[in-house]
Structure formats: C-alpha cells, structure tokens
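**Q** The structure under discussion is supplied below as structure tokens; questions concerning it will follow.
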Amino acid sequence: MRKIKVHIADDHQLLIDGIEAVLSSEENISVVGSSLNGEDVLNWFASNKADILILDINMPKVDGIAVLQSFLKNDFQQKVIVLSSYDDTKLIKEVLKIGASGFLAKKCAGEHIVEAINEVYCGKQYFSESIKDKLLSTFTNNFLDIDEMPKESSFFSSLTPRETDVLKLICKQFNSKEISRELHISTNTVETHRKNLINKLKVKNVVGLAIYAMKNNIV
C-alpha cells in the first residue's frame with residue numbers, strides 16, 4: 001500500500017511533534033519532512049516531494065500566504081491543508097482562492113488531521129464542522145443581489161435563470177416549500193433544480209455552494 005507523504009510546517013516544534021505523534025499510528029500516512037519557517041518550506045519543496053503539506057499561516061521569514069502564492073505560481077502539485085489560530089472568513093476565502101484544499105483551526109487539528117489528510121488526498125476539500133458552519137453563515141448573510149453579481153462569472157455561466165433564482169433562495173435558507181411558493185413552481189420542480197445545481201457546481205450540499213462561492217469571489 002502506497003503511503004500518503006506528508007510535510008508539516010509550523011513555527012512551533014511542539015505542534016509538529018504533536019501532529020507527528022498522531023500520524024505515527026496511521027499505516028497509510030508517512031511524515032517525510034517538517035519546517036519551522038516558510039523559507040525552509042520553499043527550499044524543501046524545491047528538491048523534495050510530498051503529497052500533502054500541512055501549513056501554518058503565521059510563520060517567520062515567509063508566511064503561509066506567500067508559500068501558497070509561490071506554489072500556485074510555480075504550479076506545484078502537492079495539496080495543502082492550512083492550519084491557523086484564526087478562523088475568520090476573510091482568511092479562509094483568501095487561502096481557498098490561492099489553492100488550499102482544506103482549513104483547520106489549530107485548536108482542533110489533532111482531532112481532525114487524519115480525516116483531513118485522507119479526504120484531501122482523495123481530491124476532496126476538508127473543513128471542520130465549525131468552519132463549515134461559519135462559511136455557510138457568511139454565505140447566507142452576505143449573498144449578493146443577483147443583479148449585482150458579475151454575469152460573466154463561471155459560477156453562473158452554466159446556470160439557467162430559474163436555477164439562479166432557486167440558488168438565491170437556497171442560500172437565503174428557504175426550504176423547498178418556501179421556494180415553491182416564492183417562485184410559483186411545484187416542490188418537485190424545486191427539488192429537481194436543487195439536484196441540478198449540486199451536479200453542475202460539483203458540490204455535495206449548500207455548504208459546498210458556500211465554499212465554491214467564496215473561492216470564486218462571489219461573497
């Protein structure tokens with residue numbers, strides 16, 4: 001069985017040691033390197049490879065944002081799970097736009113790191129439940145008026161006008177019956193539009209819509 005190769009970058013050796021201890025019992029995961037600052041991360045990846053980088057945002061010399069930007073510019077292929085002591089939506093939105101595949105608050109990293117690594121390695125995005133709730137809340141509270149959204153955005157380019165209407169109401173937390181009454185269509189039609197939206201945008205649920213929107217600068 002091929003092991004998932006992981007590199008850990010954090011400015012606290014204690015946290016690196018803690019994550020290594022958690023991962024040491026996982027048969028499918030191998031820690032292949034670690035770094036205490038962003039400059040070391042870039043130097044390491046210049047001549048080494050890992051499947052996943054666990055990356056602290058606040059590091060000396062070169063911070064995590066700059067590391068992500070460098071990876072994006074140079075088309076590095078490893079996936080990145082961001083660690084941060086802060087879980088504000090502005091930061092989450094920023095790291096998503098520059099290539100992060102997951103986001104974990106440091107306070108719950110030990111609890112969720114194994115699940116995050118396995119999910120991200122399989123090509124999925126990973127966010128702990130508290131982060132998902134924050135994203136969805138922000139998405140709902142800040143959903144823009146449809147007329148103010150950029151019409152050329154890829155987020156809407158494949159959607160029909162009716163799907164866009166349904167999406168707007170879903171993001172305002174309307175249920176199917178409420179959407180049916182609002183748009184004067186049957187609940188079955190609403191459910192069909194809901195399924196089409198999830199399929200077209202390649203997400204699993206409304207939280208996925210929120211994440212997609214943040215990555216594409218919709219909210």
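**Q** One residue is enough: does segment 112-132 have a residue meeting the conditions assigned to a strand (DSSP E or B) and in contact (Cβ under 8 Å) with a residue 40 or more places away in the chain?
**A** Scanning segment 112-132 turns up at least one residue that is assigned to a strand (DSSP E or B) and in contact (Cβ under 8 Å) with a residue 40 or more places away in the chain.
**Q** Let me ask another. Every residue in segment 61-90 that is at pLDDT below 90 and on the phi > 0 side of the Ramachandran plot, please.
**A** Within segment 61-90, just D75 meets the criteria.
**Q** Kindly establish whether I29 is within 15 Å of S128 (Cα to Cα) and among the hydrophobic types (A, V, I, L, M, F, W, C).
**A** Here the answer is no, as I29 does not meet what is asked.
**Q** For the list (1) modelled with pLDDT under 80; (2) of a type outside the set (K, R); (3) closer than 29 Å to G123 by Cβ, I need the number of the one condition that T192 fails.
**A** (1)
**Q** Specify the residue that is nearest to the chain's Cα centre (by Cα); the eligible residues are those in segment 68-92 that are within 20 Å of D51 (Cα to Cα) and among the charged types (D, E, K, R).
**A** Of everything passing the filter in segment 68-92, K79 is nearest to the chain's Cα centre (by Cα).
Conditions (1) over 18 Å from the mean Cα position of the chain (by Cα); (2) under 16 Å from Y126 (Cβ atoms), marked per residue:
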| position | (1), (2) |
| --- | --- |
| E20 | yes, no |
| L23 | yes, yes |
| V32 | yes, no |
| E39 | yes, no |
| L42 | yes, no |
| F45 | yes, no |
| N48 | yes, no |
| V62 | yes, no |
| E94 | no, no |
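The values are calculated or read from the model by the stated rules, or taken from the named source; none is laboratory data. Fair warning: this is a prediction, and the values are worked out from it, not measured in the lab. When we count neighbours, we look across all protein chains shown, and the Cβ atoms used for this are built from the backbone with ideal geometry, even at glycine.
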